[in-house]
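> Before anything else, here's the structure in question.
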Amino acid sequence: MAENNPTCNTTGDTIVELLHSLQVLWTKRNTQELQERAREGFTGLAEPLSDLLDLLAACNDGKGKGNSLGYVIASEFQEWIKERPLLQQTGLWLKKLQARVFGLISTGRTNAVDPLIEIYQLKNADRDFLLGHVSNIYLSGKYKEAATLSTKLNLQLDLDLEKMCTPLYLLNKVDLMEAYVSEYPELQRRLIEMLDQWSVPDFDLTDVARQYRDIPHIRQDMFNQKILSKLVFRLLDQYHLEPALCPNVVNLRHIGTLKYLFFKRFVEKSMTQENWSDHVQSTVGQNQFLQEQLIKLLYKHTDLETVARWALRYNLPKDSLPYGVAEMLENLHLQERLDIEEKRPDDLEERKRIYYQLPIPRENIHFLCSLDDLIDCKRAVLKPGQVVGIDMEWRPSFGTLEKSQVSLIQIAVKEHVFLLDLLQLPNEVAGGANELANFITAVFTDPAITKLGYGMAGDLNSLAPAHPSFKDLNKDVKGMLDLLAVHKLIQKCHSGRQESARTIDALPELPSSSNGRYTQPEKGLSLLVQHVLGKPVDKTQQLSDWEKRPLREEQILYAACDAYCLLEVYEALCSDPARHGLSINLADCLTGSQTLKPKQKTEKTLKSKKSKHGVQPTATDLPPQVSAQQFRVVCDNMLQGLGRYLRCLGVDVRLLENDDDHRKAAEVARQEGRVILTCGLPYQTLRSQVGEGKCFLVNGEVKAKEQAISVLKHFNIRVALSDVFSRCQVCNCNKYLKISNPKMRRLMALEGLLPPETGADLENPKSDPAGGPFTDTPSSSASESNSSSSGGLAYSPNCQWAEEQCLSPDSLELENGATLQISAIPVGLMDKVDLFYCCSQCGKVFWEGTHFQRVVSQFEEVLHDLDGKGFYEMHATEPNL
């Protein structure tokens with residue numbers, strides 16, 4: 001029995017002493033000495049394999065991610081026992097040790113799984129024996145541990161995929177779910193099919209969650225179909241599987257596309273009827289489910305006759321149509337399918353007055369669809385000293401898995417525009433694709449030709465799939481001037497003036513048209529043209545189907561205008577750069593030459609370098625320092641992890657819901673005075689809708705911790721120790737209720753979470769050492785205990801404190817209706833913690849522990865009251881054992 005009791009006989013004393021000495025060295029982070037002491041201690045163990053399990057059980061720190069003392073001990077033992085093969089066990093004795101290993105892992109100590117599998121030869125054990133123990137761990141509610149073990153031991157093919165992966169998804173352990181199927185293509189397919197079944201219309205994922213009542217806190221956003229859809233599409237791409245495996249998710253994505261198209265057409269009114277109709281038909285196709293969804297959307301946004309005409313187009317059964325549509329069909333008496341909606345001529349004079357107009361005649365726009373046409377284009381373009389405007393068009397994908405590929409390239413020279421049809425030109429004659437590719441490559445790589453573009457990096461990425469020679473074209477470009485960079489400088493110049501916040505608003509605005517067209521703020525190239533030439537570019541044809549032939553006349557005019565306006569903007573900026581704050585001639589600022597700079601740098605325009613380039617701001621570039629409590633941000637739904645980290649450090653963070661559109665961020669920022677934190681494509685759109693410096697592009701390729709440090713440094717935020725955990729990570733509230741240990745024991749006893757005899761006397765408040773059921777400040781004993789337990793760094797949050805009256809005296813209900821979440825408190829914690837902190841808004845319960853120390857350690861480079869000392873320099877050398 002000695003192996004089961006670490007306190008009996010001579011071996012027990014050795015284990016306690018060894019653990020104590022190793023814990024001291026672990027706290028000091030003295031790795032080399034710890035390894036030497038561990039090996040020395042292993043030699044003194046009477047039964048090393050059995051005693052190791054006792055040592056790890058007593059260590060009690062092997063839970064969670066990252067290295068722990070338990071992991072280090074197991075890893076050192078793994079190397080130590082390799083040098084002593086005679087100590088290895090076999091037969092029944094080994095099987096008993098293996099059973100103890102499973103018992104240890106079932107307590108949540110998955111940190112040391114890998115060395116334990118090797119030490120106790122689990123991969124060589126009987127498969128039924130392994131499956132039995134994994135099943136027991138699963139049935140005990142340890143779903144993460146069961147999945148980790150089955151993955152490490154390659155048991156996946158003998159287990160039920162749905163039963164193993166469903167709780168992992170509900171626990172938001174998607175990484176474990178992916179690891180579970182990573183080596184098995186068939187399991188990958190089945191996982192995609194399982195997730196797709198959850199995307200069936202009217203399927204309620206909460207019904208699945210009810211089968212796992214032992215999961216204490218299931219994140220509600222895991223039930224969101226948008227989150228599920230994103231996961232499925234990411235896995236499809238990761239596993240190189242076909243979308244046909246998940247028709248329900250694909251349908252959901254197409255429904256999202258239809259809703260977006262309806263918004264553009266009927267709310268924003270920025271898409272023409274022709275473009276809208278093309279995209280709707282392309283999205284719906286022959287899918288009857290999508291056709292029926294289209295009819296429902298039309299029913300909400302249009303009249304009955306329009307709905308009936310679309311229903312007639314698809315021959316939908318009458319019993320699937322909304323109320324009144326079937327009767328309208330009877331009244332139409334149409335002999336053939338008609339156009340969906342009557343065409344109304346645009347007010348051409350009004351549009352000419354509002355928008356930039358192409359200054360060249362229509363006959364000077366050349367649509368090139370044969371190699372003979374290409375010869376004239378070469379003569380006009382391939383001239384030394386030539387200046388050309390270049391733009392590209394492709395069919396929008398609207399969030400589907402389709403990769404964007406350029407369909408049309410526009411090249412503008414003085415008085416002429418050439419439109420290169422990349423869909424027809426390569427097929428004109430044999431070798432046509434190579435001849436066209438050689439011409440395009442020659443244009444981009446010739447330093448004697450000045451190329452003007454706007455956001456050309458994105459265009460070149462979309463051009464790459466068109467021909468093998470375009471793959472690395474972006475690296476070989478010479479003589480390119482991206483007017484997007486120029487536009488940024490112009491905006492900075494405007495923002496540095498006296499009325500910087502109103503500069504853009506003061507520019508010519510688009511009046512509302514007579515037909516009630518909704519006018520949204522200009523952005524991108526259209527905004528630059530408005531700044532420089534006085535009128536924006538009409539972008540109503542931008543979302544056209546550029547793969548459909550023949551192109552409409554409106555598309556041809558728009559494409560020519562998009563390229564030719566670059567020439568006029570460049571000419572205007574070169575003739576008078578000072579007017580727009582440019583101190584140098586743009587002709588000297590081509591690819592590889594000197595850097596563009598604004599003419600004057602005011603204090604307001606001194607900004608730090610973009611964090612995505614990894615360049616930190618200098619001291620002179622930093623904005624005035626503000627405290628974490630004063631800094632207010634709104635994070636889009638792609639930066640949930642960053643938002644939680646910032647809340648850990650006391651920042652006031654508003655997190656968008658997963659189904660919120662990114663435009664919601666701009667609305668919140670304007671109403672509440674917050675800074676937008678975003679990553680990816682929404683940045684350019686959001687930045688144009690808020691003031692200078694109110695939108696920050698976060699590098700989405702780094703971890704949330706690095707993102708948080710980058711944001712804090714960029715905005716020069718002062719984070720104090722008292723800011724750490726001064727806000728609830730769940731709801732952002734900064735008002736806590738303090739509950740002492742005796743009071744918490746009474747509450748837990750009332751809820752049946754503790755035996756009645758372990759709770760303090762319910763009628764005797766004198767038993768509360770903190771001075772009563774609630775206190776506004778911790779008692780001296782509580783403060784000393786917390787300070788010592790955290791090794792010299794006491795948790796003292798800079799927050800508001802709730803009064804005793806906010807909690808009902810005979811229940812767990814707060815005054816706002818929320819309930820204290822005391823069921824999440826481990827019973828064993830009641831002997832270790834003196835004071836609990838409860839969020840007064842959502843009821844989440846916190847207590848001081850290693851997480852506080854870990855966050856302080858991770859962010860010590862931005863903490864301002866460590867007085868130059870590192871975290872471990874301030875830490876005590878010995879823990880409380």
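The values are calculated or read from the model by the stated rules, or taken from the named source; none is laboratory data. No experiment lies behind these values; they were computed from the predicted model shown. Heads up, the Cβs are rebuilt from the backbone with ideal geometry, glycines too, and the neighbour counts pull from every protein chain shown. Ligands, DNA and RNA are stripped out before the accessible areas are found, and what is left, the full protein with its side chains, is counted by its heavy atoms. Shrake-Rupley method; radii C 1.70, N 1.55, O 1.52, S 1.80 Å.
> Would you check the accessible area of Ile825, probe 1.4 Å, heavy atoms only, in square angstrom rounded to 10?
Estimated to the nearest 10 Å², Ile825 gives 10 Å².
> Could you tell me which of the pairs Lys226/Lys296; Lys703/Lys738; Lys664/Lys738 are separated by over 29 angstrom between their Cα atoms in the structure shown?
Lys703/Lys738; Lys664/Lys738
> Compute the FRET efficiency between Leu829 and Leu139 as 1/(1 + (r/R0)^6), taking r as their Cβ-Cβ distance and R0 = 25 Å, and round to the nearest 0.05.
The calculated FRET efficiency here is 0.50.
> Using a 1.4 angstrom probe with every protein chain in place, what is the largest-first accessible-area order of Lys478, Lys451?
Lys478, Lys451
> Then there's this: Given axes a ≥ b ≥ c from the Cα gyration tensor, I'd like to know whether region 150-267 is rounded (a/c under 1.5), prolate (a/b larger than b/c) or oblate.
Since a/c reaches 1.5 but b/c is at least a/b, the shape of region 150-267 is classed as oblate.
> Would you please give the residues with an amide H less than 5 Å from that of Met480, counting only those at least 5 places away or on a separate chain, with H modeled from the backbone geometry?
Those lying under 5 Å, H to H, from Met480 are Lys451, Thr591.
> Follow-up question, since we're still on this one. How large is the accessible surface of Ser182 in square angstrom, using a 1.4 angstrom probe and rounding to the nearest 10?
60
> Taking H placed 1.01 Å from N in the peptide plane, check which residues at least 5 places from Ser407 or on another chain put their amide H under 5 Å from its amide H.
Glu393, Trp394, Arg395
> Then there is this: Evaluate the Debye formula for region 632-711 with equal point scatterers sitting on the alpha carbons, no solvent, and hand back log10 of I(q)/I(0) at q = 0.15, 0.19, 0.20, 0.25 Å⁻¹, in q order, two decimals.
-0.43, -0.71, -0.79, -1.26
> Tell me, rounded to the nearest percent, the portion of alpha carbon pairs in region 123-211 spaced more than 18 Å apart. Present the calculation step by step, with values, prior to reporting the outcome.
Details: 1706 of 3916 pairs.
Summing the P(r) tail past 18 Å for region 123-211 gives 44 percent.
> Ok, one more. Can you work out the FRET efficiency for the pair Gln640 and Asn798, with r the C-beta to C-beta distance and R0 = 35 Å, to the nearest 0.05?
0.90
> From the alpha carbon gyration tensor of region 408-448, can you work out the equivalent ellipsoid semi-axes (sqrt of 5 times each eigenvalue) and give them in Å, largest to smallest?
Taking √(5λ) for each eigenvalue gives 20, 14, 7 Å, largest first.
> Compute, for region 10-156, the length of the dipole vector about the Cα centre, with Cβ point charges of +1 (Lys, Arg) and -1 (Asp, Glu) only. Units Debye, rounded to 20.
The dipole of region 10-156 has a size of about 560 debye.
> Could you check the simple spin-label distance between Asp372 and Ala46, using points 7 Å along Cα→Cβ, in nm with one decimal?
10.2
> Separation between the Asp160 and Asn438 pseudo-spin-labels, each 7 Å from Cα along Cα→Cβ, expressed in nm?
6.5
> Considering the convex hull of the alpha carbon atoms of region 16-98, report its projected area averaged over all viewing directions, in nm², one decimal. Could the numbers behind the result be given before it?
Values: hull surface 22.9 nm².
Average projection, Cα convex hull of region 16-98: 5.7 nm².
> When the chain is fully extended, how far beyond the present Cα-Cα distance does His851 get from Asp204, taking 0.36 nm per residue of separation?
Difference between extended and current length: 229.4 nm.
> Can you order the peptides 648-659, 456-467, 117-128 by their average number of other Cβ atoms within 10 Å per residue, highest first?
Working: 648-659: 20.0, 456-467: 17.8, 117-128: 15.3.
Answer by packing, highest mean first, reads 648-659, 456-467, 117-128.
> Could you rank the peptides 27-39, 544-556 by their average count of other C-beta atoms within 10 Å per residue, with the highest value first?
Put in order of decreasing packing, that is 544-556, 27-39.
> In nm, what is the difference between 0.36 nm times the number of residues separating Ala448 and Val702 and their Cα-Cα distance? Before the final figure, lay out the partial values.
Working: separation 254, 0.36 × 254 = 91.44 nm, distance 3.90 nm.
That pair, Ala448 and Val702, stretches by 87.5 nm at full extension.
> For Arg213 and Glu553 in the same chain, what is the full-extension length gain: residue separation times 0.36 nm, less their Cα-Cα distance, in nm?
116.2 nm
> Further question on the same structure: Kindly state, to the nearest 0.05, the FRET efficiency for Lys82 paired with Glu36, given R0 = 22 Å and r defined as their beta-carbon distance. Don't skip to the answer; put the middle values down first.
On the way: r = 17 Å, r/R0 = 0.77.
Working from the Cβ atoms, E equals 0.80.
> Give, as a single signed number, the net charge of other residues whose beta carbon lies under 13 Å from the beta carbon of Glu36, with Lys and Arg counted +1 and Asp and Glu -1.
Taking every other residue near Glu36 into account, the sum is -2.
> Quickly work out the Glu242-to-Gln273 label distance, labels modelled 7 Å from Cα along the C-beta direction, and quote it in nm with one decimal.
3.9
> Taking the Cα centroid of region 634-658 and of region 104-165, what is the distance between the two, rounded to the nearest whole Å?
35
> Rule-of-thumb check for region 97-153: C-alpha Rg over 2.2 N^0.38 Å? List each step's numbers first, then the result.
Details: Rg = 9.8 Å, N = 57, 2.2 N^0.38 = 10.2 Å.
Rounded to two decimals, the normalised Rg is 0.96.
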